[in-house]
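Below is one structure, written out as structure tokens; comments come after it.
The values are calculated or read from the model by the stated rules, or taken from the named source; none is laboratory data. All figures in this text were calculated on a predicted structure; none of them were measured in a lab. Note that we place each Cβ from the backbone using ideal geometry, even for glycine, and neighbour counts take in every protein chain shown.
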Amino acid sequence: MAGILVFVEQRDGEIRKASLQAVSEAKRHGGAGGEVTAVLVGAGIGAAAAGLGAWGAARVFVADNPALGLYSAEGYTEAVAAAAAKAQPSAIFVAGTAMGRDLAPRVAARLGVGAIADVVKLALDGDAFTARRPIYSGKAFAEATTAGKRPQVISLRPNVFAAEESGGSAAVESLDGLGLAIRAVVKELVKAAGGELDVAEADIIVSGGRGIKGPENFALIKSLADALGGAVGASRAVVDAGWIAHSHQVGQTGKVVSPSLYVACGISGAIQHLAGMSSSKIIVAINKDPDAPIFKIADYGIVGDLFEVIPPMVAAIKAL
């Protein structure tokens, strides 16, 4: 038993960036003594499979079935378990997206193995992984090992591991004969208007909190996000108040993000919010309270009224 199996997430036939990061990370570890195998699940997604070779996959299993067109916990678990039975990997990597966080423990339970979630660093000794993951809302880190029953299921935090093209090619194999017993069926996926960038995959995020004073002022946050080419995020307080959709929420009960740049506007820095963004590479805080907790983890801080700070920032960025 050797190699790494990577579950590759797609939306409308387009591979998610977080999954390419997972495939690349598997390749960087040399497939843990074997080859890197990917499993792609959906409907009408065969055309996307061969391209995974460029990111490090040597073989791709494709579960192409109309019943799998929209995410189904039961159906996708069956597909990944079937791919694991064929590949016999020592580890299974899953991107820690909303889908991945739901799928990974289900796959582990199906296979009767352990799972390590929200991993931010991996080391390989032989074919056993040691994984680093944040605990206590990001205040500390724990190390866990995959020694024991295989394969071990590991979910990787998005935007922590780099996606790197390696220029290879992949053999594509159809995953047929799945015993799909799907009890709960998703009939329709209603997308948010405007095709907004998902904060979970964004490299730049500008988030607003209570300090923006009302939902109408998210236009100011969006103007800065647009100028930077980033996504709009939010704290739990403003989501609970109904100022913006939950899909924008960053934090322990929202989405965990690791962008290259995180700009917190009018966010005090409650521990639940910090747990979702403290791994950002550069953090900029804008708050008129000099004692706001957000300044303790910020790389750069601006003490001032965001309504006076953001407009000249947007103008300066556009001028550049």
ask   = Which of the residues spanning the range 157-170 are surrounded by 14 or more Cβ atoms within 10 Å (Cβ to Cβ) and either at positive phi or over 25 Å from the mean Cα position of the chain (by Cα) (or both)?
value = 159
ask   = Which of the residues belonging to the range 151-207 are assigned to a loop (DSSP other than H, G, I, E, B) and of a type in the set (Val, Ile, Thr)?
value = 160, 182, 185, 186, 190, 199
inquiry  = Please go through the range 168-180 and give me each residue that is in contact with a helix residue (DSSP H, G or I) (Cβ under 7 Å, 6 or more places away or on another chain) and farther than 13 Å from residue 82 by Cβ, ordered by number.
reply    = 168, 169, 170, 172
request  = Inspect all residues belonging to the range 225-233 and state whether any of them is assigned to a strand (DSSP E or B), under 21 Å from residue 137 (Cβ atoms) and at pLDDT 95 or above.
outcome  = yes
query = Out of 84, 104, 63, 57, which single residue is at negative phi, in a loop (DSSP other than H, G, I, E, B) and buried (at least 16 other Cβ atoms within 10 Å of the Cβ)?
reply = 57
task = Identify the single condition in (1) modelled with pLDDT of 95 or more; (2) within 17 Å of the chain's Cα centre (by Cα) that residue 80 does not satisfy, given that it satisfies every other one.
result = (2)
ask   = Can you name every residue in the range 29-50 that is in a helix (DSSP H, G or I) and either over 15 Å from residue 9 (Cβ atoms) or touching a helix residue (DSSP H, G or I) at 6+ places or on another chain (Cβ under 6 Å) (or both)?
value = 30, 31, 32, 33, 46, 47, 50
key: In the range 284-297, the residues that are more than 22 Å from residue 213 (Cα to Cα) and either of a type outside the set (D, E, K, R) or part of a strand (DSSP E or B) (or both)   = 297
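Table: residues versus (1) surrounded by fewer than 23 Cβ atoms within 10 Å (Cβ to Cβ); (2) over 21 Å from residue 96 (Cα atoms); (3) in the same structural domain as residue 100 (by TED's automatic domain parsing); (4) out of contact with any helix residue (DSSP H, G or I) (no Cβ under 8 Å at 6 or more places or on another chain).
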| position | (1), (2), (3), (4) |
| --- | --- |
| 236 | yes, no, no, no |
| 271 | yes, no, no, yes |
| 287 | no, yes, no, no |
| 291 | yes, yes, no, yes |
| 298 | yes, yes, no, yes |
| 311 | yes, yes, no, no |
